[in-house]
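**Q** I'd like to ask some things about the structure below.
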Amino acid sequence: MTDSADAGASSLRRVLLVWLLVPLVALVPLTALLVYTLALRPALDALDRALTDTAVALAQIVEVDQGDPVRVSLPLSEQTAKALRADLIDETVFAVGDPQRHLLAGHSELLALAPVVPAGQWRFFDAALEGRPVHAAAHGHPCGGSEQVCTIVVAETLGKQDAAKRAALLGALVGAAAIALPLVGLATLAVGRALRPLRRAAADVESLTPQRLEPVDAHGVPREIAGFVHALNGLLARLRLAASAQRAFVSDAAHQLRTPLAVMRVEAAEALAAQHSPDVHASLERLHAAAERGSRLAQQLLTLARAEGMTVAPTLALQSLDLKSLAAAVADRWLKPSLEAGQDLGFDLEPAPVKGYAPLLEELLGNLIHNAIEHAGHGARVTVRTRSSAGCALLSVEDDGPGVAQEEIEQLWQRFRRGRDARGSGSGLGLAIVADIARLHGASTTLAPGESGRGLRVLVSFPLALPG
Amino acid sequence: MHILLVEDDEPLALSLATAMRARGWRADVSGRGEPVPSSLLKDDYDALVLDIGLPGIDGLETLKRIRAQGSFLPVLMLTARDAIDDRVAGLEGGADDYLVKPFAISELLARIRALVRRHEFRRSELLALAALRFDATARRAYIGERPVALSARECIVLQYLLLKTGQIVPREQFAALIPGWDAGTSDNALELLMSRLRAKIEPGGVRLRTVRGLGYLLEPATAV
């Protein structure tokens with residue numbers, strides 16, 4: 001049922017997860033990009049400052065001869081040049097050009113790459129030097145007259161810059177993951193938790209039966225779902241009321257029938273026993289039989305209403321019983337009817353402890369014996385057995401009568417259903433009562449041919465009661 | 001036999017009283033429970049048939065009042081209400097037996113007879129069923145005036161069966177009853193004893209039945 005409902009319908013869980021997780025999946029990379037950019041900027045600024053420091057150092061060494069024309073020179077010793085280029089990671093290259101952009105010192109190709117920079121200003125640029133990418137700072141250094149600007153360029157390979165980028169990227173990714181993964185987990189968990197009361201309520205409703213219409217526990221159910229659960233409980237309460245009203249009606253009707261039925265039984269039996277005209281004998285016999293049948297039916301309806309009522313709201317406490325003594329107690333009541341039907345009612349009793357309701361179990365056994373009286377026929381041998389075996393307390397009633405066709409056996413458990421070749425005046429309620437009372441005791445019932453392959457054996461298997 | 005029948009349903013009371021009178025019994029009918037205690041003091045009844053559902057004080061309260069005034073009269077309760085609760089309440093309240101409506105008249109009369117018989121046995125030493133009589137003091141049995149020769153064990157068994165007439169007596173109870181027998185005594189030994197006893201007493205109009213797997217039942221031969 002739940003599978004087919006899932007197929008076409010929308011899932012609350014899916015909607016919640018999509019609305020939570022899709023924005024999360026979109027926002028996390030954006031956040032990571034922002035973190036990357038923000039973290040990288042100061043690192044790159046620091047690298048640029050290192051380049052400008054070298055350029056400023058070179059600027060200090062430039063000498064200007066204020067003649068006419070002005071002469072610019074760079075008295076740079078080999079040691080100083082080495083010191084300025086020294087770097088653990090990157091290769092540093094520089095170039096200094098006079099106002100006419102003639103190379104004073106350093107790398108001529110680098111000087112050619114440098115843009116024209118106004119005096120006192122800086123330009124940063126990326127270029128390829130000897131086939132390798134470099135980052136460079138160019139400075140316009142005023143030398144001599146107002147228009148005289150020397151160009152100082154310092155470049156270095158991208159080792160430190162790449163390292164800084166890698167570090168920033170790693171930081172951004174780890175940070176994003178550190179936020180995103182717990183969020184995804186929490187969102188899934190939260191949705192699961194939020195929907196759990198709904199699933200529990202659904203399971204509660206699933207476990208309801210017409211005999212057991214208990215309210216669904218609304219405790220801990222969220223407000224949004226509680227309304228639904230309350231409405232459902234209201235419906236269940238009305239159903240319970242209707243069911244118990246129906247049971248009460250059956251029970252009351254059966255009670256009310258009892259006294260008039262008693263009069264009918266007494267009067268019919270007395271009339272049959274008294275002197276009467278042969279004309280009315282057949283009528284009296286039919287009247288007597290109908291009174292007997294009506295009486296039994298009223299008793300059975302009461303028992304059914306009772307068993308169903310007990311399933312809904314037990315009014316009796318479970319007792320520790322032995323099926324053996326129960327069968328012996330029932331024997332007194334059923335021996336006479338059995339003898340009257342020309343049958344041999346016998347017992348084979350061993351201890352079989354159970355927990356149950358004695359009056360209902362007596363009714364169960366009575367129905368089984370009555371069934372045999374009705375259907376096993378004159379001369380049948382009927383045996384009541386009790387046993388305990390393999391965790392079960394067993395009660396069986398077996399006869400060697402005509403039995404029931406295999407294909408009819410399962411139908412016999414239904415109310416008012418009788419075997420095709422059924423004799424006698426049974427209502428067809430007997431086995432339904434047996435099944436109801438057995439179910440109430442957690443027992444299972446089996447109908448099968450007797451041990452010799454003939455007749456019918458009804459076996460009721462109870463959970464064995466532990467001693468004490 | 002003199003019966004006081006307390007039943008508020010007039011058609012049923014009339015039917016039952018008529019059936020009892022047809023058997024030569026005397027039957028007085030009351031529709032309420034209140035006058036019952038004083039009626040029992042005035043008349044000498046053999047048994048009381050008491051419906052539980054009565055107007056005014058109900059059958060259980062009536063029973064309580066007559067037991068409180070010291071009456072040991074056999075009481076059979078009738079109930080139309082739920083058999084389960086009424087039976088417990090009735091038997092705890094001092095009823096000797098109960099019947100659930102609608103009952104067969106033969107069942108009601110048999111139960112009354114059994115109650116009265118048991119009650120009388122408690123007062124006298126002479127047990128009887130059909131033409132069979134048993135003198136418990138002398139430990140002698142008679143069919144009519146003819147003495148029946150019984151062994152000591154047969155005497156014990158017959159006395160017990162007569163006390164329990166109409167009821168199935170489980171085999172184990174005989175084993176406990178007979179000196180020198182115990183649970184280990186074979187069923188065959190008991191069956192042998194019973195078949196000898198059966199041959200001796202059944203000419204007296206009684207029947208000693210074997211209930212297969214359970215025990216024995218003594219009843220008048222006319223019953224079924």
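The values are calculated or read from the model by the stated rules, or taken from the named source; none is laboratory data. Remember, it's a predicted structure, so these values are computed and weren't measured experimentally. Cβ sites come from the backbone with ideal geometry, for glycine too, and all protein chains shown count toward neighbours. Protein only, heavy atoms only, side chains kept; ligands, DNA and RNA dropped before computing areas. Shrake-Rupley method; radii C 1.70, N 1.55, O 1.52, S 1.80 Å.
**Q** Would a scan of region A:301-313 turn up a residue that is outside any helix (DSSP H, G or I), open to solvent by 50 Å² or more (accessible area, probe 1.4 Å) and at pLDDT below 85?
**A** Yes: region A:301-313 contains one or more residues that are outside any helix (DSSP H, G or I), open to solvent by 50 Å² or more (accessible area, probe 1.4 Å) and at pLDDT below 85.
**Q** Since A:D53 meets every condition but one in (1) surrounded by fewer than 18 Cβ atoms within 10 Å (Cβ to Cβ); (2) touching a Pro at 6+ places or on another chain (Cβ under 8 Å), which condition does it not meet?
**A** (2)
**Q** Which one of these is assigned to a helix (DSSP H, G or I) and loosely packed, with under 13 Cβ neighbours inside 10 Å: A:G234, A:G192?
**A** Every option except A:G234 fails the conditions.
**Q** So, in region B:120-158, of the ones that are modelled with pLDDT of 90 or more and under 30 Å from A:L326 (Cβ atoms), which residue ends up surrounded by the fewest Cβ atoms within 10 Å (Cβ to Cβ)?
**A** B:I156
**Q** Could you list all residues from region A:379-406 that are open to solvent by less than 20 Å² (accessible area, probe 1.4 Å) and either under 20 Å from A:A352 (Cα atoms) or without any contact (Cβ under 8 Å) to a residue 12 or more places away in the chain (or both)?
**A** Of everything in region A:379-406, those that are open to solvent by less than 20 Å² (accessible area, probe 1.4 Å) and either under 20 Å from A:A352 (Cα atoms) or without any contact (Cβ under 8 Å) to a residue 12 or more places away in the chain (or both) turn out to be A:V382, A:T383, A:V384, A:T386, A:A393, A:L395, A:S396, A:V397.
**Q** I'd like the full set of residues that are under 27 Å from A:V93 (Cα atoms) and open to solvent by 60 Å² or more (accessible area, probe 1.4 Å), limited to region A:27-50.
**A** A:R41, A:P42, A:D45, A:R49
**Q** Mind telling me which of the residues A:L361, A:L394 ends up being modelled with pLDDT of 90 or more, more than 13 Å from every other protein chain (Cβ to nearest Cβ) and under 14 Å from A:L323 (Cα atoms)?
**A** Result of the check over A:L361, A:L394: A:L394.
**Q** Quick one: which of B:I178, B:I112 is in contact with a helix residue (DSSP H, G or I) (Cβ under 6 Å, 6 or more places away or on another chain) and open to solvent by less than 80 Å² (accessible area, probe 1.4 Å)?
**A** Unique residue meeting the criteria: B:I178.
**Q** Can you find, within region B:19-50, the residue that is least open to solvent (accessible area, probe 1.4 Å) among those that are part of a helix (DSSP H, G or I) and more than 14 Å from chain A (Cβ to nearest Cβ)? Give the steps one after another, and end with the answer.
**A** Here is the first cut: in region B:19-50, the residues part of a helix (DSSP H, G or I) are B:19-22, B:36-42.
Pick out the ones that are also more than 14 Å from chain A (Cβ to nearest Cβ) and you get B:36-42.
Details: B:V36: 1, B:P37: 18, B:S38: 56, B:S39: 29, B:L40: 27, B:L41: 133, B:K42: 160 Å².
Of everything passing the filter in region B:19-50, B:V36 is least open to solvent (accessible area, probe 1.4 Å).
**Q** Can I ask one more? Against the conditions (1) open to solvent by 30 Å² or more (accessible area, probe 1.4 Å); (2) more than 10 Å from chain B (Cβ to nearest Cβ), where does A:R333 fall short? Just the number, please.
**A** Only one criterion is unmet by A:R333, namely (2).
**Q** Condition first: modelled with pLDDT under 90 and surrounded by fewer than 17 Cβ atoms within 10 Å (Cβ to Cβ). Now tell me which residues in region B:208-222 satisfy that.
**A** Within region B:208-222, B:A221, B:T222 qualify.
**Q** How do the pairs read when you match residues in region B:35-47 that are farther than 19 Å from B:L78 by Cβ with residues anywhere that are assigned to a helix (DSSP H, G or I), using Cβ under 7 Å and keeping only pairs 6 or more apart or on different chains?
**A** none
**Q** Is it the case that A:A465 is modelled with pLDDT under 85 and surrounded by fewer than 16 Cβ atoms within 10 Å (Cβ to Cβ)? So that I can check it myself, show each step before the final result.
**A** Working: modelled with pLDDT under 85: yes; surrounded by fewer than 16 Cβ atoms within 10 Å (Cβ to Cβ): no.
So A:A465 fails the test.
**Q** A follow-up question, please. Of the residues in region B:181-201, how many are away from every other protein chain (no Cβ under 14 Å), exposed (fewer than 15 other Cβ atoms within 10 Å of the Cβ), of a type in the set (D, E, K, R) and without any contact (Cβ under 8 Å) to a residue 24 or more places away in the chain?
**A** Residues meeting the conditions: 1.
**Q** How many residues does region A:139-189 hold that are without any contact (Cβ under 8 Å) to a residue 60 or more places away in the chain and closer than 24 Å to A:R123 by Cβ?
**A** Counting residues in region A:139-189 that are without any contact (Cβ under 8 Å) to a residue 60 or more places away in the chain and closer than 24 Å to A:R123 by Cβ gives 7.
**Q** Let me ask something else. When residues of region A:133-179 are filtered for being open to solvent by less than 60 Å² (accessible area, probe 1.4 Å), modelled with pLDDT under 90 and among the β-branched types (V, I, T), how many remain?
**A** Going through region A:133-179 one residue at a time, the tally reaches 1.
**Q** Suppose we filter A:L272, A:L321, A:L287 for residues that are in a helix (DSSP H, G or I), away from every other protein chain (no Cβ under 12 Å), surrounded by 13 or more Cβ atoms within 10 Å (Cβ to Cβ) and not hydroxyl-bearing (S, T, Y); which single one remains?
**A** From the options A:L272, A:L321, A:L287, the qualifying one is A:L287.
**Q** Follow-up question, since we're still on this one. Using the structure shown, decide if B:I178 is among the hydrophobic types (A, V, I, L, M, F, W, C) and more than 14 Å from chain A (Cβ to nearest Cβ).
**A** Against the criterion (among the hydrophobic types (A, V, I, L, M, F, W, C) and more than 14 Å from chain A (Cβ to nearest Cβ)), B:I178 qualifies.
**Q** Moving to a separate point now. Whether any residue in region A:410-424 is away from chain B (no Cβ under 14 Å) and either at pLDDT 90 or above or touching a Pro at 6+ places or on another chain (Cβ under 6 Å) (or both) is what I want to check. Give the steps one after another, and end with the answer.
**A** At the first step, the residues of region A:410-424 found to be away from chain B (no Cβ under 14 Å) are A:410-424.
From the residues that got through so far, the ones that are either at pLDDT 90 or above or touching a Pro at 6+ places or on another chain (Cβ under 6 Å) (or both) too are none.
No: zero hits.
**Q** Suppose the filter is open to solvent by less than 50 Å² (accessible area, probe 1.4 Å), without any contact (Cβ under 8 Å) to a residue 60 or more places away in the chain and over 30 Å from B:L12 (Cα atoms); does A:P210 pass it? Steps first, answer last, please.
**A** Numbers: open to solvent by less than 50 Å² (accessible area, probe 1.4 Å): no; without any contact (Cβ under 8 Å) to a residue 60 or more places away in the chain: yes; over 30 Å from B:L12 (Cα atoms): yes.
Judged against the criteria, A:P210 is not a match.
**Q** Can you tell me which condition B:Q159 does not meet? The list is (1) within 14 Å of chain A (Cβ to nearest Cβ); (2) outside any loop (DSSP other than H, G, I, E, B), and all the others hold.
**A** The number of the failed condition is (1).
**Q** Next question, about the same structure. Test each condition in (1) among the polar types (S, T, N, Q); (2) open to solvent by less than 10 Å² (accessible area, probe 1.4 Å); (3) assigned to a strand (DSSP E or B); (4) within 12 Å of chain B (Cβ to nearest Cβ) for A:S338 and report the one that comes out false.
**A** (3)
**Q** When only residues in region A:341-358 that are under 22 Å from A:A305 (Cβ atoms) and either outside any loop (DSSP other than H, G, I, E, B) or among the β-branched types (V, I, T) (or both) count, which is nearest to the other protein chains (Cβ to nearest Cβ)?
**A** For region A:341-358, the residue satisfying everything is A:A358.
**Q** Could you list, in sequence order, the residues of region A:114-131 that are modelled with pLDDT under 90 and farther than 25 Å from A:V70 by Cα?
**A** The answer is A:L129, A:E130, A:G131.
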